[in-house]
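Take a look at the structure set out below.
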Amino acid sequence: MKKEKLKKRTRILILLLIILIIGFLIPQNLKMPVQGAGKSDYHPESFWFYPWGKSVTHKGVDVFAKKGTAIHSATSGLVLYAGNIKMGGKVLVVLGPKWRLHYYAHLDEIRTTPLSFVGKKTCIGTVGATGNAAGKAPHLHYSILTIVPYPWRIDSDRQGWKKMFFLNPIAYF
Ligand SMILES: [Zn+2]
């Protein structure tokens, strides 16, 4: 009996490990999510910029565009959350390749729903100034967070330990 249980547990563990590995094998091939945006539409050093209000450091990039500009998913993925929160306004969370979460904030309109599969050609929303971007120039706040931490990325910056989770999107544009 005990042996059977152990076997079952081992099988489940192996299965989970395989799923984890498959996730890492899916290529990311990230694409700039804001339609028509280029290098002049974001600050090259905006990631981890300090000071940054309540967030202390800026854990993403702000891509400026006209209100209503289409946002396409930066990677293929699964929409985990679509809704309204205080700081981010209208936001989306998409689970992409390599167990990374892609966070899109300050949207004017959300054009997808939770549990939808999205691709790089899917319009998931439009650029806006919702949440704490109200009254500021419309922009997309875009962050990439890895669920599996990368502790070797921790440095002596302010909140540097959080760099094991937050990746610099600009490095992938
Ligand atoms: Zn931002």
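Just so you know, all these numbers are worked out from the coordinates, no wet-lab data involved. Keep in mind the model is a prediction, meaning the values are calculated, not measured. Using ideal geometry, Cβ is built from the backbone for each residue, glycine included, and neighbour counts are taken over all protein chains shown.
A few comments on the model shown:
- Nearest 10 degrees, 0 to 90: helix 2-25 Cα axis against the chain principal axis: 30 degrees
- Where chymotrypsin sites (Phe, Trp or Tyr not before Pro) fall in DSSP loop in the stretch 9-77, at most 16 other Cβ within 10 Å: Phe49
- Distance from the alpha carbon centroid of the stretch 63-116 to that of the stretch 133-147 works out to 9 angstrom.
- Here the stretch 131-173 is treated as a sphere whose radius is the Kirkwood value from Cα pairs; by Stokes-Einstein at 20 °C and 1.002 mPa s it diffuses with a coefficient of 177 µm²/s.
- Counting only residues at least eight positions apart within a chain, or on another chain, the lysines with an alpha carbon under 22 Å from that of Lys31 are Lys39, Lys59, Lys66, Lys67, Lys90, Lys98, Lys120, Lys121, Lys163.
- Met87/Leu16 FRET efficiency (R0 25 Å; Cβ-Cβ; nearest 0.05): 0.15
- Taking trypsin sites (Lys or Arg not before Pro) across the stretch 93-162, the ones in a DSSP loop with at most 10 further Cβ atoms lying within 10 angstrom of their Cβ are Lys121.
- Within the stretch 49-154, the ratio Rg/Rh, alpha carbon atoms throughout and Rh by Kirkwood, equals 0.97.
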